[in-house]
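Below you'll find the structure, written out as structure tokens, and then a few comments.
What follows draws every value from the coordinates through simple rules; no lab data is involved. Owing to the predicted nature of the structure, the values given are computational and were not obtained by experimental measurement. Please note: Cβ atoms are built from the backbone with ideal geometry, for glycine as well, and neighbour counts cover all protein chains shown.
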Amino acid sequence: MLGFLGRRLLQAALTLGTLVALVFLALRLAPGGPAYVLLGADRYTPERAARIERQLGLDRPLPEQLGRWVRELAQGELGSSVFHHRPALAVVTERLPATLLLGGLAFLLSLAGGVAAGVWAAVRREGLTDRLLRSGAVLLLATPSFWLGIGLILVLSAWLRWLPSAGLGPVGQAATLLERVRYLLLPLFTLSASHAASLALYTRAAMVDALRHEAIRTAQAMGARPRRLVWRHALALAAVPIVTIAGLNLAHFLEGSLVVESVFAWPGIGQLTVASVARRDYPVLLVISLFAGAVVVLANLLVDVTHRWLDPRVVAE
Amino acid sequence: MKARLAGIGLAVGRRPPSPVYVLLLLTGLLLLPTVMPLHPLQVDLNAILQPPSWLHWLGTDENGRDVLARVLVGARGTLGIGLAATLLAVTLGTAVGTAAALGGGAVDAVLMRGVDAALAFPSLFAILLCAAVLPPGPGELILLIGLTGWMSTARLVRGRMQELLASPYVEAARALGASRTAIGVWHLLPHLRALLAVAGLVQLARAILAEATISFLGFGIQPPAPTWGNLLIGAQDYVFTAPWLALAPGLALTATLLLLAMLGSGGPAGRLIHSERGGAGTPYRDRHARPRGAGLGEPRCSRLHKPRLRSPDPSGSPLAQPFHAEPGRRSSAARTEGA
């Protein structure tokens, strides 16, 4: 197990390193570049641009820039935001709690909801519940999250006036916990919906197979109660594909947050990414891609380790 | 609109819509704007934000432009970019998958590591980062969406090709002196039609979604040229006063994605909804042959789908491996995963 972990960690570090180098090079090849953005179209002159590039070290050869950047990275120095004039790391980390709150809750919600719905549908296979759940899941999967978000705002905020349409909480006043939850509900649901839907469909398929397995028949013959049969024995058989899909979703919550945070004006990493792309704020984008890469690699690692734990027959290559 | 609603109705039923019908719908959407007297860019400041009426079936937007015209012309943008990106992704994926399967050994290892690496990073994120580097027009958008979508096709093609390579007729062709490339191109590629059709449908849905999302975030096709994604940018600001702006392009998107998912049980959704049909229980032993290092591979390559993706040949089971299979080849279950 230790050797397996070590190899996986090494792989993860390699992946992350390659990613950083690629993103760095891609961003440096941009036409226009940060000097243009900093100056704006009306103040832009080649001389001013050259001075800014000298200040930021952008006039040095690419390998030298990359080398310097990696050195600084190793010292925990990630450059400073072109737009905010503050360390890029600080700009990103202050946005982190909002994203982690929304993304973490959405992950838990989609996991619980998706697995529960999938198991329920599999147990009542071909019944009305099953059909409704499946149709609902397919419909959710075919609905892009930004349109789902706008649709929810349309119905719940504009027509029914039940929930606020954007932001973290009411502006200019201390928010009670209840108020905060009210602001959280719409983005939370929008972000979890498609993940819960895909998880439900995969869980259902895996559970339908699992419930037909001999082990279940044996357990039934030995007098296991239906609830224990489904939630303990059958779900254990179906766990591997479910974990794979859930891990995949974990990595893709990043993509979801790009869109959902933009729709609901949620001040997190997703919104910061979209704004930074528009501003060509490369240092911030680099920190964000490092973060994104870390999340993806971590999710991969988590899935592999969980697979090993769920099924000892899984052998690391 | 009626046809689209019928599509949603089909989702509840069990039969996938006929491909002909979908093709007709797509051509209709792409051709209609050229035939109809609609002016998606014509500004009419006397008719701002009007609700649906006889003159403007889906109302008008903040500049008095006809929403129906913009949605129909937007279809051309969204579907056109989606189709082109899909073509690119599937072609590239087929090329890489074929090269990996035929090349074997080091070529295979390098290419498949590349696939793994490319799959690891969230594609929307990658596209956005590239959008920061070069502000995309339609061409760049096709390139970006295509280049982030080829990996799953490459995996599928490689897996199927490796299975086919072990079949007797390949051995016969080789005995007759055909080169590896010739076998791949003339004998194996034609067998991939069904697989590629399915991969293409999945990619098309992905590409349409990607284009809409990027345009919605403001980095894709720029207004005033309409696409379903950028029509929704403005719509959000008017959601309280002019909800029809958001409803039309949103419903068009959902209905199109649903149709694609249903089509021939192609998409993951479609296949899962029909899982009952071919769904004889997968043997437990078989399912667990898979996950070693499966990591975050595309879910559509997973064991959940595979039995329904290909013809019911027994080679999927390690026990049924033909004994003339090349030495050193792993079992097909392991190969298809490309781990």
Sort the following peptides by mean Cβ neighbour count (other Cβ atoms within 10 Å, averaged over residues), highest first: A:239-248, A:96-105, B:165-174, A:220-229. A:239-248, A:96-105, B:165-174, A:220-229
Using only the Cα atoms of segment A:149-304, build the gyration tensor, take square roots of its eigenvalues as a ≥ b ≥ c, and label the shape rounded, prolate or oblate: rounded if a/c is under 1.5, else prolate if a/b is larger than b/c, else oblate. oblate
So for segment A:239-306, considering every pair of alpha-carbon atoms, how many percent are separated by more than 16 Å? 52
Can you give the calculated 222 nm mean residue ellipticity of chain A, where each DSSP H run of n ≥ 4 adds -39,500 (n - 2.57) and the sum is split over every residue, rounded to the nearest 500 deg cm²/dmol? -24000 deg cm²/dmol
Per residue of B:211-218, other chain Cβ atoms within 10 Å number on average 4
For A:127-139, mean number of other protein chain Cβ atoms within 10 Å: 3
Euclidean distance of C-alpha centroids, segment B:168-203 and segment A:131-209, integer Å: 45
With θ set to phi - 60°, apply the Karplus curve 6.51 cos²θ - 1.76 cosθ + 1.60 along segment B:163-174 and write out the HN-Hα couplings as whole Hz, x wherever there is a Gly or Pro. 5, 5, 4, 8, 7, x, 5, 5, 4, 4, 4, 5
Mean Kyte hydropathy of 0.0 or more with a Cα span along the axis of at least 24 Å, helices from DSSP in chain A: A:2-28, A:96-123, A:177-211, A:235-263, A:282-310
Given a cut-off of 19 Å, what percent of all Cα-Cα pairs of segment A:93-158 lie beyond it? 53
Over all directions, chain A yields a Cα convex hull whose mean projected area in nm² is 22.0
Farthest towards the positive end of the dipole of segment A:165-317, among A:236, A:312, A:252 and with Cβ unit charges of +1 on Lys and Arg and -1 on Asp and Glu, lies the Cα of A:236
What is the order of A:85, B:39, fewest Cβ neighbours within 10 Å to most? A:85, B:39
Taking H as built 1.01 Å from N, whose amide H comes closer than 5 Å to the amide H of residue A:80, not counting residues under 5 places away? A:88
Please report the relative contact order for segment A:38-159, taking Cα pairs under 8 Å with a sequence separation of at least 6, and give it as a percent rounded to a whole number. 9
Cβ neighbours within 10 Å, averaged per peptide: list B:47-53, B:60-66, B:141-147 in order, most packed at the top. B:141-147, B:60-66, B:47-53
